[in-house]
Amino acid sequence: MNFEPTFAAAQEAKVRYLDADFQVLRHGDFVRCAVTRQAIRLDDLRYWSVDRQEAYASAEVAMQRHLEVNGAG
């Protein structure tokens, strides 16, 4: 019988975001989106900011955060 823990029982990872990759500093299954606080599985993590060391749930959320920090113009 294969047993995998549910996502609810998963642990949050600590990650260092690099230019084209990320480095796991503390093992875990997910990180939290800096804007929505949504859990993002490490396998699904695609968007982050190296400068702010933040993860984002989607491209739209990443753009929203960019505009918040840098202004719309």
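Summarising the label geometry, the points placed 7 Å from Cα in the beta-carbon direction at residue 49 and residue 9 lie 3.6 nm from one another. Close amide H pairs (under 5 Å, H built 1.01 Å from N) link residue 54 with 49, residues at least 5 positions away or on another chain. The charge dipole of the chain, taken about its Cα centre with unit charges on the Cβ atoms of Lys, Arg (+1), Asp and Glu (-1) only, comes to about 200 debye.
The share of accessible area on the chain that comes from carbon and sulfur is 46 percent, using a 1.4 angstrom probe. Solvent-accessible area per residue in the chain equals 75 Å², computed with a 1.4 angstrom probe and all protein chains kept.
The values are calculated or read from the model by the stated rules, or taken from the named source; none is laboratory data. Since the structure is predicted, the reported quantities are computational estimates derived from the model, not experimental observations. Don't worry about glycine lacking a Cβ; one is built from the backbone with ideal geometry, like all the others, and counts go over all protein chains shown. We work out accessible area using only protein heavy atoms, side chains counted, and drop any ligands, DNA or RNA first. Shrake-Rupley method; radii C 1.70, N 1.55, O 1.52, S 1.80 Å.
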